[in-house]
Amino acid sequence: MRTINITCRLTAVLAILLLCQACKDDFLEKKPIDKLSNEVFWNSKGDATLALAGCYSSLRTPAFAIDVSSFSSLQLEGLSDNAYCNSTGDNYTLISRGVLNSSTGGIQQRVWIDAYKGIAQTNWFLGNIDRVPNLSTAEKNLMLGEAYFLRAFFYNELTMLYGDVPLITESLGFGEEVFKTPKSKKADIVNKILSDLDFAATALPNTAYTNGHPVRGSALALKARICLYNEHWQEAANAAKTIIDEGQFSLASSYDGIFWGKQDNNPEIIFSIRALSPNAVHNMDLLYGSRFSMVPIHSLVDAYEMRDGSAPKAPTVPSFYDPNNRMRNDFYQNRDPRLKLTLFTPGDPWAYNTTIGFNNVDKGRAESPSVNNLGIRKYINLTVNDGNSGLSGSDQDLVKLRYADVLLMYAEAMTELGHGVTTDALALKALNDVRARPGVNMPPKKTLTREIVRNERRVELALEGLRYYDIKRWRLAKGLINGMRDPGNVLRVFEDKHYLWPIPQAEVDKMGADFQNPDYR
């Protein structure tokens with residue numbers, strides 16, 4: 001009998017989670033979770049654990065991180081001045097050219113869909129956790145903290161891209177066919193998720209991050225990011241400083257080791273989207289290391305200082321790359337070491353062409369070589385030497401929050417509190433600690449200004465999916481992006497309305513024209 005009961009519960013939760021994953025591709029018109037399955041569930045802590053695991057599954061979706069066919073989260077960099085998209089997948093190239101409207105589809109629609117699926121799953125969990133018998137207060141609060149963290153993560157992504165969106169914090173009931181929820185102001189959503197993160201920070205363990213589940217530092221780091229993104233400078237500084245003072249995290253001794261190799265127990269990682277072979281894998285090595293679905297651009301190279309901390313010098317050859325000197329180009333030498341740890345430049349050791357290295361003259365085994373002599377090295381497994389091997393999947397975790405970001409968030413918040421400059425000794429130390437990491441060892445800055453902090457964020461966090469949000473929240477995106485020409489002489493377009501994305505048309509059709517963001521009506 002006991003075996004039958006366990007089987008029933010597992011069958012129920014699988015049915016529920018499958019229903020969550022199989023929701024229609026429009027959030028406001030989807031059938032809720034099956035009532036019968038829900039009634040036979042929630043009988044034990046094990047049931048709650050399974051349901052919480054379902055909440056994490058929404059992170060491994062095309063919009064946020066890991067998917068077997070795409071890797072969309074990082075490709076937001078291709079909409080910034082760090083990189084360009086070399087593939088039509090998910091319509092990034094259309095968006096970069098200004099073709100952004102309610103029917104653009106691809107990533108413009110996927111973030112909405114995948115975020116609200118994740119929110120629906122966490123709301124279902126939060127709405128039923130009280131039904132579990134014999135669950136201690138500590139156990140319950142720990143699970144609540146994780147769910148609140150995940151929901152805040154999803155809502156932050158939604159508000160950064162769409163602005164005002166529906167704020168749904170309860171599990172929608174059974175029997176209804178259509179749910180209609182009006183939009184809430186972005187400020188109200190931010191206040192709600194910050195309150196949830198305050199609870200999470202008290203409920204989650206104050207330990208290092210080790211197993212894919214958020215800890216106290218994860219909640220505080222996400223709070224610092226959301227506060228920074230919404231110009232709550234003092235709150236951002238306070239959250240970041242708490243992490244610094246509590247000492248659970250530190251800078252890793254190896255910069256590239258944060259992103260590939262053995263990432264477990266890395267002292268710098270505060271939260272990541274976990275991958276595990278063979279079921280939870282992605283194709284990053286294939287898409288970026290071989291097919292060049294996204295390619296860095298030279299304006300990113302220009303952001304890296306010379307090794308002595310001075311501004312980069314002009315190349316000593318007529319162009320960025322001299323085909324007669326494949327193994328070396330003076331422009332890429334004697335630079336901030338993070339340049340070579342983040343990008344492939346001409347002549348770099350490259351598994352797809354072990355004889356000559358990375359270059360645009362001899363394709364080696366790459367399927368679609370870079371057209372501007374640069375490639376993404378961060379996150380790429382350097383031992384993979386066959387583009388097709390990416391089809392079996394990579395299991396590198398995707399880092400979403402790390403300690404260097406916390407230090408730079410503190411430096412930025414203090415600089416903004418000082419209206420563009422700060423004499424705060426801890427803020428200066430925070431930035432210089434990032435620069436002094438073993439293997440980087442860039443000379444310290446003597447003063448801290450807005451421009452210094454912003455450039456440090458750019459080079460330290462390059463190609464991690466944050467630059468697009470940064471230049472938009474700084475209101476620099478239009479000036480930096482509009483009129484840019486990508487390789488192939490393709491013109492970029494960024495208008496004022498593009499600081500927000502349009503609500504997907506399927507939602508507007510159900511909710512009415514006023515549901516759409518004003519500039520897209």
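With respect to Ser195, determine if the residue is free of Cβ contacts under 8 Å to residues at least 40 places away in the same chain and over 28 Å from Thr422 (Cα atoms).
Yes.
Quick test of your reading of the structure: Ser103 fulfils all but one of (1) open to solvent by 30 Å² or more (accessible area, probe 1.4 Å); (2) polar (S, T, N, Q); (3) in a helix (DSSP H, G or I); (4) within 27 Å of Gly465 (Cα to Cα). Name the failing condition by number.
With respect to (1) open to solvent by 30 Å² or more (accessible area, probe 1.4 Å); (2) polar (S, T, N, Q); (3) in a helix (DSSP H, G or I); (4) within 27 Å of Gly465 (Cα to Cα), Ser103 is out only on (3).
Take the conditions open to solvent by 40 Å² or more (accessible area, probe 1.4 Å) and in a loop (DSSP other than H, G, I, E, B) and apply them to Lys497. Does it pass?
no
List the helices (runs of 4 or more DSSP H) that sit entirely inside the range 216-287 and contain at least 2 residues that are farther than 21 Å from Leu382 by Cα, in contact with an Asp or Glu (Cβ under 8 Å, 6 or more places away or on another chain) and of a type in the set (D, E, K, R).
Answer list for the range 216-287: 216-229.
In the range 272-291, what residues are surrounded by 22 or more Cβ atoms within 10 Å (Cβ to Cβ), hydrophobic (A, V, I, L, M, F, W, C) and modelled with pLDDT of 75 or more?
Met284, Leu287
Checking Asn266 against (1) touching a residue at least 12 places away in the same chain (Cβ under 8 Å); (2) open to solvent by 70 Å² or more (accessible area, probe 1.4 Å), which test does it fail?
(2)
Looking for whichever is buried (at least 18 other Cβ atoms within 10 Å of the Cβ) and of a type outside the set (Ser, Thr, Tyr) here; the options are Ala115, Ala138. Which one fits?
Ala115
Restrict the check to the range 429-436 and report whether at least one residue is in a loop (DSSP other than H, G, I, E, B) and over 30 Å from Ile95 (Cβ atoms).
Yes: one or more hits.
Residue check, Val508 against (1) assigned to a loop (DSSP other than H, G, I, E, B); (2) over 30 Å from Asn238 (Cβ atoms); (3) open to solvent by less than 40 Å² (accessible area, probe 1.4 Å), all met but one. Which one?
(1)
Are there any pairs with C-beta distances below 7 angstrom linking a residue in the range 407-426 that is farther than 10 Å from Ala236 by Cα to a residue that is basic (Lys, Arg) and open to solvent by less than 40 Å² (accessible area, probe 1.4 Å), with the two at least 6 apart or on different chains, and if so which?
Leu408/Arg457
Exactly one condition in (1) of a type outside the set (Ser, Thr, Tyr); (2) in contact with a Lys or Arg (Cβ under 7 Å, 6 or more places away or on another chain); (3) at pLDDT below 90; (4) part of a helix (DSSP H, G or I) is not met by Ile452; state its number.
(3)
The values are calculated or read from the model by the stated rules, or taken from the named source; none is laboratory data. A quick note: this is a predicted structure, and the numbers were derived from the prediction, not measured. Quick reminder, even Gly has a Cβ in these numbers, built from the backbone with ideal geometry, and neighbours come from all protein chains shown. Side chains included, ligands, DNA and RNA excluded: accessible areas come from the protein's heavy atoms. Shrake-Rupley method; radii C 1.70, N 1.55, O 1.52, S 1.80 Å.
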